[in-house]
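*Asks:* One structure, as structure tokens, below. Some questions next.
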Amino acid sequence: MVTIIKFSEIALSFPEVIELPHFEKISFRIKNKIFATLCETTNIGVVKLSLEDQSAFCSFGENIMTPVKGKWGLKGWTNIDILKADETMILDALTSSYITVAQSRLTKN
């Protein structure tokens, strides 16, 4: 189990990441591009993964990680139940998401 505070600490530990509101959620951004969100009321984090990473993470079972429903899930957006996931899984998922989004953002400007 990972707390909301720990999820936020991990997300903010990457270079150039800022935290901003995103509707009723917290978003974590690199160069204004969201790589993760967190809903404090449902304890669900969402990360942007490659489809290969999404498949691998979702294969752990027990509904710890699942594709977001609809078209967003088909683009790699993935739910994480932070009450079921351990810290290593959260760190790995956030790292993969950060790299996926940051690759294009950090090379600009």
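*Asks:* If I ask for residues that are in contact with a strand residue (DSSP E or B) (Cβ under 6 Å, 6 or more places away or on another chain) and either surrounded by fewer than 19 Cβ atoms within 10 Å (Cβ to Cβ) or not β-branched (Val, Ile, Thr) (or both), which ones from the stretch 38-48 would you list?
*Replies:* Residues satisfying the conditions are LEU38, CYS39, ILE44, GLY45, LYS48.
*Asks:* Since PHE35 meets every condition but one in (1) surrounded by fewer than 15 Cβ atoms within 10 Å (Cβ to Cβ); (2) assigned to a strand (DSSP E or B), which condition does it not meet?
*Replies:* If we test PHE35 against (1) surrounded by fewer than 15 Cβ atoms within 10 Å (Cβ to Cβ); (2) assigned to a strand (DSSP E or B), just (1) comes out false.
*Asks:* When you look at ILE90, is it aliphatic (A, V, I, L, M), in a helix (DSSP H, G or I), surrounded by 15 or more Cβ atoms within 10 Å (Cβ to Cβ) and touching a Gly at 6+ places or on another chain (Cβ under 9 Å), yes or no?
*Replies:* Judged against the criteria, ILE90 is a match.
*Asks:* Would you call MET65 closer than 17 Å to MET1 by Cα and crowded, with 19+ Cβ neighbours inside 10 Å?
*Replies:* Criteria met by MET65.
*Asks:* Please state which of the following conditions ALA102 fails to meet, knowing it meets all the rest: (1) at pLDDT below 95; (2) surrounded by fewer than 17 Cβ atoms within 10 Å (Cβ to Cβ); (3) of a type in the set (A, V, I, L, M).
*Replies:* Looking at each condition in turn, ALA102 falls short on (2).
*Asks:* Let me ask something additional. Whether any residue in the stretch 69-85 is in contact with a helix residue (DSSP H, G or I) (Cβ under 9 Å, 6 or more places away or on another chain), under 20 Å from PRO15 (Cα atoms) and either in a strand (DSSP E or B) or of a type outside the set (Ser, Thr, Tyr) (or both) is what I want to check.
*Replies:* Within the stretch 69-85, none of the residues are in contact with a helix residue (DSSP H, G or I) (Cβ under 9 Å, 6 or more places away or on another chain), under 20 Å from PRO15 (Cα atoms) and either in a strand (DSSP E or B) or of a type outside the set (Ser, Thr, Tyr) (or both).
*Asks:* Then there's this: Quick one: in the stretch 2-32, which of the residues that are assigned to a loop (DSSP other than H, G, I, E, B), farther than 19 Å from ALA85 by Cα and not polar (S, T, N, Q) is nearest to the chain's Cα centre (by Cα)?
*Replies:* In the first step, residues of the stretch 2-32 are kept if they are assigned to a loop (DSSP other than H, G, I, E, B); the result is 2-3, 13-16, 23-24, 31-32.
From the residues that got through so far, the ones that are farther than 19 Å from ALA85 by Cα too are 14-16, 23-24, 31-32.
Checking the rest, the ones that are also not polar (S, T, N, Q) come to 14-16, 23-24, 31.
Values: PHE14: 12, PRO15: 15, GLU16: 16, PHE23: 16, GLU24: 16, LYS31: 16 Å.
Restricting to residues being assigned to a loop (DSSP other than H, G, I, E, B), farther than 19 Å from ALA85 by Cα and not polar (S, T, N, Q), the top hit is PHE14.
*Asks:* Yes or no: ILE26 in contact with a Lys or Arg (Cβ under 8 Å, 6 or more places away or on another chain) and of a type outside the set (Phe, Trp, Tyr)? If you could, list the steps in order and put the result at the bottom.
*Replies:* On the way: in contact with a Lys or Arg (Cβ under 8 Å, 6 or more places away or on another chain): no; of a type outside the set (Phe, Trp, Tyr): yes.
For ILE26, the condition - in contact with a Lys or Arg (Cβ under 8 Å, 6 or more places away or on another chain) and of a type outside the set (Phe, Trp, Tyr) - is not met.
The values are calculated or read from the model by the stated rules, or taken from the named source; none is laboratory data. Note that the structure is predicted; figures quoted are calculated from it, not measured. Reconstructed Cβ throughout: ideal geometry from the backbone, glycine too, with neighbour counts over all protein chains shown.
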